[in-house]
1. What FRET efficiency, computed as 1/(1 + (r/R0)^6) with R0 = 30 Å and r the Cβ-Cβ distance, is obtained for Gln336 and Ser382, rounded to the nearest 0.05?
2. Just from the alpha-carbon atoms, what are the Rg and Dmax of segment 71-199 in angstroms?
3. Which residue fluctuates most in the GNM of the chain (Cα springs below 10 Å): Ala225, Ala106, Ala171?
4. Could you grab the relative contact order for segment 167-303? Cα pairs under 8 Å, six or more apart, rounded to a whole percent.
5. Which of Leu167, Leu75, Leu268 moves the most in a Gaussian network model of the chain with Cα springs under 10 Å?
6. Nearest 500 deg cm²/dmol is fine: what mean residue ellipticity at 222 nm does the chain get from its DSSP H runs of n ≥ 4 alone, each adding -39,500 (n - 2.57), divided by its residue count?
7. Calculate log10 I(q)/I(0) of the chain for q = 0.07, 0.11 Å⁻¹, where I(q) comes from the Debye formula with a single equal point scatterer on each Cα and nothing for solvent.
8. With contacts defined as alpha carbon pairs under 8 Å and 6 or more residues apart, what's the relative contact order of the chain in percent?
Amino acid sequence: MSIVLIGVNHKSAPVELRELLAFSEEACTQGLRKLVDGDVVREGLIVSTCNRVEVLAETARERLQEGVERITDLLSQSRSLPSDFFHKHIYSHTDDQAVRHLFRVASSLDSMVVGEPQVLGQVRRAYSLALEAGTAGRVLNRLVHHAFRVAKRVRTETGIAANAISLSYMAVELGKKIFNSLKGHTVLLIGAGEMAELSARHLLNAGVARMLIANRTEESAARLAQEFGGEAVDFDRLSSHLADADIVICSTAARGYVITAQMAREALERRRNRPAFFIDISVPRNVDPAIGRIPNVFVFDIDDLESVISSNIREREREAERAELIVESEIMQFQQALRALDIGPTIGALRQKLQDIARLEMTRQRNRLGPLTPEQENAIESLLLSTVNKISHPVLSHLRRSYATNDSDTLQA
């Protein structure tokens, strides 16, 4: 078998490309069922977040290149992207490199902000979708659960998660830098999902004077407002609420612009040209980038946030060096687990073959044994199979050890 991972992330591709490739949960399950044919690509999952879109798959080793082509076709053709443009930003990893990449992603070593906790939950959700789609089998099950174990080790054995920083934290930090302090200012949160909830928590800690929360589902906005002392407002009257906000933090799953340039102009007029700041942490983007061309209105998207807290990133990078050593040691352990997984069917088939030989001899010699009760026949068969198992056990154990150590001479024998 071969493990392959293909994708783009915040390091290899701008947000304009990542938002084109982003999968909704429904598109994710549909794409997986299209990708996994059981022949070339035998297992697969898709991780789609604001910072990365990656396809992880298990393929037959002799058909690895075909598997790579199926994955790249899924990413490029389903989004109608020009081949040259697409391949300029994509990366591809196989086997140990793919395993290393997944372990680093789950451990937040490959995140925009090292140590942020959200990515592990996103990997868990990607795995759940693969299970729902029926595209996660024995290899990905073993690999993903091993990745969860690595992430847990990294977070408990290093300081990488100390004062963990997420995109939501970065958004609030940017707001504080803009105004020096959020005290006395009004912030409008658009969206009520995980990112919005984290933003609300950080805003509360930052001492924001007034927090407005708008969401298409009124109950979700009301729940968040009650939990964090905010005020739920009508999503359908978003234009009127924009005028009240000094800072707008947008984080929804909408596929298009929630805030248009016209809405921003009207809000600015009602604000009498007082500056307004829009921070868009959605992918696809929910704030029209054209708004940034309006005087006294400023727009920041995910890519703009990367430089906001570089000093904190450097601190985490020191802890990341320790985490990388954990990842490397776990790759070796996974290699051994994978080898055992790979040789398992062969050992099972060999054991079954030996048992079949014993049963065949029992059948051939049955007439010479005379009349036997069913209990006696079962006892004789059990005796034969037990003897076969005891004789074959040292051989099968040696076979496992030889495979684990890549002793090809013994394996061939």
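1. Numbers: r = 34 Å, r/R0 = 1.12.
According to the calculation, E is roughly 0.35.
2. For segment 71-199, the Cα radius of gyration and maximum Cα-Cα distance read 18.4, 55 Å.
3. Ala225
4. The normalised contact order for segment 167-303 reaches 22 percent.
5. Leu268
6. That calculation yields -18000 deg cm²/dmol at 222 nm.
7. -0.46, -0.89
8. For the chain, the relative contact order is 14 percent.
The values are calculated or read from the model by the stated rules, or taken from the named source; none is laboratory data. Worth saying up front: this structure is predicted, and the values here are computed from it rather than measured. Counting neighbours? That spans all protein chains shown, and the Cβs are built from the backbone with ideal geometry, glycine included. Quick note on the areas: whole protein, heavy atoms, side chains included, nothing else; ligands and nucleic acids left out. Shrake-Rupley method; radii C 1.70, N 1.55, O 1.52, S 1.80 Å.
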